[in-house]
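Trainee: Structure incoming, see below.
The values are calculated or read from the model by the stated rules, or taken from the named source; none is laboratory data. From a predicted model like this one, the values you see are computed outputs, not experimental measurements. No Cβ is skipped: glycine too gets one built from the backbone with ideal geometry, and neighbour counts run over all protein chains shown.
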Amino acid sequence: MPAYVTDTHPVVWYASKNHAKLSRRVLRAFDMAARDEALIYIPAVVLWEIGLLSKLGRIKLREPFDQWVAALLVKPGFQIIPLDAELSFPSTVVVRRPSIGWSMARETWIRDRI
């Protein structure tokens with residue numbers, strides 16, 4: 001099963017149904033995760049950032065933050081990575097490239113401490 005790691009804005013745009021900001025590849029990866037055909041890891045710090053951005057009014061979620069997170073995590077292919085988890089798996093990372101916006105960069109192995 002393909003595995004991906006997301007950053008803050010792609011998961012906000014996907015969960016908020018703002019799909020026009022995602023590339024077709026990224027949207028396909030999120031849709032696959034929602035159907036349990038892929039796994040998207042969400043670093044805990046990403047959820048912390050989304051909560052902070054929402055509280056500061058920098059982003060607007062369709063529902064309160066706790067409900068937004070619960071609705072996202074009820075989908076089968078989404079999993080939180082705790083701050084103390086070690087990553088070690090073949091994956092693709094959703095990244096920001098200034099010239100083209102959000103896309104995916106292939107990584108052979110990711111092994112970082114989050």
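Trainee: Under 6 Å by Cβ, and 6 or more places apart or on different chains, what pairs join a residue from the range 52-75 that is closer than 22 Å to Ile40 by Cα with one that is assigned to a helix (DSSP H, G or I) and of a type in the set (Ser, Thr, Tyr)?
Mentor: Correct list of pairs: Leu61/Ser54; Phe65/Ser54.
Trainee: Still on this structure, I have one more. So Leu27 ticks every box in (1) in contact with a Leu (Cβ under 8 Å, 6 or more places away or on another chain); (2) at pLDDT 90 or above but one. Which box is left unticked?
Mentor: (1)
Trainee: Which one of these is small (Gly, Ala, Ser) and either assigned to a loop (DSSP other than H, G, I, E, B) or exposed (fewer than 15 other Cβ atoms within 10 Å of the Cβ) (or both): Ala70, Ala29? Walk me through it before giving the result.
Mentor: Details: Ala29 fails: either assigned to a loop (DSSP other than H, G, I, E, B) or exposed (fewer than 15 other Cβ atoms within 10 Å of the Cβ) (or both).
Ala70 is the lone residue from the list that is small (Gly, Ala, Ser) and either assigned to a loop (DSSP other than H, G, I, E, B) or exposed (fewer than 15 other Cβ atoms within 10 Å of the Cβ) (or both).
Trainee: From Ala3, Ala38, Ala15, grab the single residue that is modelled with pLDDT under 90 and touching a helix residue (DSSP H, G or I) at 6+ places or on another chain (Cβ under 6 Å).
Mentor: Values: Ala3 fails: touching a helix residue (DSSP H, G or I) at 6+ places or on another chain (Cβ under 6 Å); Ala38 fails: modelled with pLDDT under 90.
Only one candidate qualifies: Ala15.
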